[in-house]
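Taking it in order: structure first as structure tokens, then the write-up.
The values are calculated or read from the model by the stated rules, or taken from the named source; none is laboratory data. Computed from a predicted model, the values in this text were never measured in an experiment. Here the Cβ positions follow ideal geometry from the backbone for every residue, glycine too, while neighbour counts run over all protein chains shown. In case anyone asks, the SASA skips ligands and DNA or RNA and just uses the protein heavy atoms, side chains included. Shrake-Rupley method; radii C 1.70, N 1.55, O 1.52, S 1.80 Å.
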Amino acid sequence: MKILNIIGFLALGALALTSCANHDLIGDKGELGQVLPTVDWEQSSKVVKAGNSAYFKAKYYTSAERQIDHSEVWVQVKREQTASATAKLTTALGYNKSYSITDTVRSAQSVAKYAHSKAEWDGHEYVLTDSFPTSRTLAPVVWKVPSQWDADKFKQYYPEGFDTEFVEHMVTTLTKDSAYYNDLRGIYVKYDFSKELFEQLNAKYGVSFPTETESDKKSDAWYTQVKNSKGELVDEIDHYYYITVVNEQTTYNEVAKPEDAPEGAKVYPVYKAAEWLFSRYSDDTGGKITTVRAKYMPYWKDLISTIPFIDWIYDSGNKVYNVDFSRTYYLEPTYRVYDTEGKVGITSNNEEITLN
């Protein structure tokens, strides 16, 4: 009885398989159990000059009941773009801003078709040695450290707002505190600000900062030492300060004389310096520290905000603009063999091609 039940079960299974074969719901080209052309190929190079042909050797075959119609090469095009700019107006603040993007600019499509008659039978399979075209319009693009600025190229290659974000970073970083004190001083001394700009800022902030435009005069104006009777530059005490800390907030309290400080407070010297500078002895470092006074920092922020993007990135030593853009295209090809019933065999061992 058990044997008969098993035989009956197997028979039902066979009947079910026969039914599936006659009423398959999967599309013709992707049917399970369908005989597709078997295909393989070898690409001659992973790098091809844009506009030249890419060569290959393909091998394929199908069952005796099938007939090959033709073969094709399909190609998808991928684009990679990278761009950067590097600050050259500063020394300590070596800022570099960059972006990159990779996208598909052309979906897979047929670029070449080959008659089956072009292939040769080697006794085991058909062999086709041929090539497919590439486009000269997909040549790489490079724009790197130009000696002449090209606003149109920058607009074409760089994302909108790149230059504005770059300048905002430089200005904010240089003026949020005195971490880049020497860079800020260097910009003031060396950059060609106009006298009118100094006058406008003086009026805006109610100060009387120097309006000289010559570098040597600006260097003298931004001073932290004075000359003694012998003509030597020395640190000369102007007044004093003591420190208080309340709720973890440190305050530097300035007084004319040491005795003006609260009893028991430790007093340190403040040296003569430009009005906008706080040049003091620091017990932490055992030496002089100079910073820009916080109340005057908005003046300096407004001043350096007038510097255009291209001046931030100009390398005066090499006389070039420090930008670097590149665009490269990549081909992702497949080789496809079609039989007379429209069934397609597609290669899986495909190699990406870089166009140069």
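Packing, as the average of other Cβ atoms within 10 Å across residues, places the peptides 137-145, 242-250 in the order 137-145, 242-250, highest first. For the stretch 240-266, the residues whose amide N sits under 12 Å from a probe point set 7 Å from the Cα of Ile289 along the beta carbon direction are 243, 250-252. Label sites at Ser219 and Glu125, each approximated as a point 7 angstrom past Cα along Cα to Cβ, lie 7.5 nm apart. Under the rule a/c < 1.5 gives rounded, and otherwise a/b versus b/c splits prolate from oblate, where does the stretch 134-244 land using the Cα gyration tensor? Note, shape of the stretch 134-244 comes out prolate. Accessible area per residue for the chain is 59 Å², calculated with a 1.4 Å probe on protein heavy atoms, without ligands, DNA or RNA.
Taking a virtual spin label 7 Å from the Cα of Ala256 along the C-beta vector, which residues in the stretch 206-247 bring their backbone nitrogen under 16 Å of it? Only 238-241 pass the distance filter. When each of the peptides 111-120, 83-92 is scored by the mean number of other C-beta atoms lying within 10 Å of its residues, the order from highest to lowest reads 83-92, 111-120. Counting only lysines at least 8 places from Lys266 when in the same chain, those with an alpha carbon closer than 27 Å to its own are Lys257, Lys288, Lys295. Between the residues Trp300, Gln76, Val234, the greatest Cα displacement towards the positive end of the dipole of the chain, with unit charges on the Cβ of Lys, Arg, Asp and Glu, is found for Gln76.
The distance linking the stretch 218-246 with the stretch 92-122 is 65 Å (Cα centroid to Cα centroid, whole angstrom). The long axis of helix 195-205 is offset from the longest Cα principal axis of the chain by roughly 80 degrees. Apolar share of the accessible surface for the stretch 166-275: 45 percent from carbon plus sulfur atoms, 1.4 Å probe. The structure shown yields Cα extents along the principal axes in Å, and of the options [x] 74, 43, 38; [y] 115, 66, 34; [z] 72, 49, 42 that calculated value carries the label [y]. For the peptides 261-271, 334-344, the ranking by mean Cβ contacts within 10 Å, running from highest to lowest, is 334-344, 261-271. Working note: Karplus 6.51/-1.76/1.60 with θ = phi - 60° gives the stretch 266-281 the couplings 7, 10, 10, x, 10, 8, 4, 7, 4, 3, 8, 10, 10, 10, 9, 7 Hz, where Gly and Pro are set to x. Each stretch of four or more DSSP H residues adds -39500 (n - 2.57); spread over every residue of the chain, this sum gives -7000 deg cm²/dmol at 222 nm. Taking the C-alpha atoms only, the angle from helix 2-22 to the longest principal axis of the chain is near 70 degrees. Ellipsoid semi-axes for the stretch 197-297, based on the Cα gyration tensor and the rule √(5λ), read 28, 19, 11 Å when sorted largest first. Of all lysines in the structure, the ones whose alpha carbon falls short of 17 Å from that of Lys59, not counting any fewer than 8 places away in one chain, are Lys113, Lys118, Lys343.
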